[in-house]
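Enquirer: Have a look at this one.
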Amino acid sequence: MHRTCLLTILLLTILLTGCSKTKNIFHERFFALGTLIEISIHGVDQALAKRASEQIEQDFHAMHSNWHAWQPGKLATINKQLASMEPFTPDPSLLPLLQKAGHLSQLSNGLFNPVIGRLIALWGFHDNALPVGILPDSTVITALVNQAPSINDITYIDTQLVNHNPAVSYDLGAIAKGYAIDLAIERLREFGIQNAIVNAGGDLRAIGQHGERPWQIGIRHPRKNGILASIELEDDASVFTSGDYERFFEVDGNRYHHIIDPRSGWPASSTTSVTVIHDNAAIADAATTALFVAGPHNWTKVAYNMHIESVMLIDTDGIIHMTPAMQARIRLEPGITAEVRLSRPAP
């Protein structure tokens, strides 16, 4: 929920400039989950597209209210209940999201960790406004890391949730957009819409086609202006990217970004960006964080455990690591001369 709309992934099909009512394509945009949401619908009646878009906007605003970890809402209430260390019955509407986040955290061996909310807040990345020029107290970071908050600290007994670690606090910023996009695609299909893109701050899921051709998107270069690569999408695919350029601040010339390694409590330091293609947006969202933290030496194991086949990881030396499945789908832009290393997900 904290990654802002700096267009990690750029739509190439058409410039989205608000609500457009051309003959075959409908566009709408609004702000929710701390980012710009853009909906593109192809080949249906404009009135139907408008109704679907308005319903999705309502859904997103409700999710923003309910899923924010610090603003008053259902997730903030759950965090307060967790802090009490007493068993409680969580709001049932959040259980599917919490359980999905917990399952993916386990698959990633904790590199995607949705319960390090106190670390996220300590760094100041819990709000839309970025922290300015002040590093957290390293002793406090160390103390939180030593408490090792983990999804395994939370157990379910019948309908009740029990927390066994006072350091546990939910922050769903690394899965919320993906999960919300999946729900939006379900909503579009309820309206009978089969060709559309839902784009949340550059992370997206596309279904169907753009008329007679696939949807076309571009992947932002992590260190230069413009596009690193492009991808054609059709049928059903999500493309998510996590980068160290999305949310960061600088102190003494050093960049401190929002992707925190839960093992150290500090921003992960060996990766600049990770792009994942998957048919489920929530999985793609969580996987980009886990793979980013894993870094160039360990990402293949995490990809294997999370069942991710299409990955592109760019390390801090500018080397592009990718799977053969990604290589088959992506087209690097002319003039890209970086070294490319192919690896398969492996245990």
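Enquirer: Suppose we keep only residues that are buried (at least 21 other Cβ atoms within 10 Å of the Cβ) and outside any helix (DSSP H, G or I) within the range 117-149. Which one would you say is modelled with the lowest pLDDT?
Expert: Ranking the candidates gives 126 first.
Enquirer: Out of the residues in the range 30-61 that are part of a strand (DSSP E or B) and polar (S, T, N, Q), state the one that is surrounded by the fewest Cβ atoms within 10 Å (Cβ to Cβ).
Expert: In this case the residue turns out to be 35.
Enquirer: Oh, and also: Taking only pairs six or more apart or across chains, which ones have beta-carbon atoms under 9 Å, a first residue in the range 26-38 that is more than 15 Å from residue 68 (Cβ to Cβ), and a second residue that is among the aromatic types (Phe, Trp, Tyr) and not in a strand (DSSP E or B)?
Expert: From residues that are more than 15 Å from residue 68 (Cβ to Cβ), the pairs are 30/60; 37/60.
Enquirer: Kindly indicate the residue of the range 193-225 that is touching a Lys or Arg at 6+ places or on another chain (Cβ under 8 Å) and in a loop (DSSP other than H, G, I, E, B) and also nearest to residue 317 (Cα to Cα) among those meeting that condition.
Expert: Checked the range 193-225; the qualifying residue nearest to residue 317 (Cα to Cα) is 202.
Enquirer: When the range 174-192 is examined, which residues are found to be within 19 Å of residue 151 (Cα to Cα), assigned to a loop (DSSP other than H, G, I, E, B) and open to solvent by 10 Å² or more (accessible area, probe 1.4 Å)?
Expert: Listed by number, the list holds a single entry, 174.
Enquirer: Next up: Output the strands (runs of 3 or more DSSP E) that fall wholly within the range 240-347 and possess 2 or more residues being farther than 30 Å from residue 137 by Cα, or say none.
Expert: Because the criterion is at least 2 residues that are farther than 30 Å from residue 137 by Cα, the strands (runs of 3 or more DSSP E) in the range 240-347 that meet it are 271-278, 310-315, 320-322, 330-332, 340-342.
Enquirer: If I filter the range 303-334 down to residues being under 20 Å from residue 244 (Cβ atoms) and of a type in the set (Gly, Ala, Ser), which single residue comes out as least open to solvent (accessible area, probe 1.4 Å)?
Expert: 303
Enquirer: Another question about this same structure. Could you list, in sequence order, the residues of the range 66-84 that are exposed (fewer than 15 other Cβ atoms within 10 Å of the Cβ) and at pLDDT below 95?
Expert: 71, 72
Enquirer: Hey, among the residues in the range 85-116 that are of a type outside the set (A, V, I, L, M, F, W, C) and more than 14 Å from residue 153 (Cα to Cα), which one's most open to solvent (accessible area, probe 1.4 Å)?
Expert: 92
Enquirer: Quickly run through the range 335-347 and pick out the residues that are modelled with pLDDT of 95 or more and either in contact with an Asp or Glu (Cβ under 6 Å, 6 or more places away or on another chain) or surrounded by fewer than 11 Cβ atoms within 10 Å (Cβ to Cβ) (or both).
Expert: 339, 346, listed by residue number.
Enquirer: Of (1) open to solvent by 10 Å² or more (accessible area, probe 1.4 Å); (2) within 24 Å of residue 49 (Cα to Cα), residue 152 satisfies all except one. Which?
Expert: Single failed check for residue 152: (2).
The values are calculated or read from the model by the stated rules, or taken from the named source; none is laboratory data. Only a predicted model underlies this, so the values are computations on that prediction, with no experimental measurement involved. For neighbour counting, all protein chains shown are included, and Cβ atoms are generated from backbone atoms with ideal geometry for every residue, glycine included. Just so you know, the surface numbers come from the protein's heavy atoms only, side chains and all, with ligands and any DNA or RNA stripped out. Shrake-Rupley method; radii C 1.70, N 1.55, O 1.52, S 1.80 Å.
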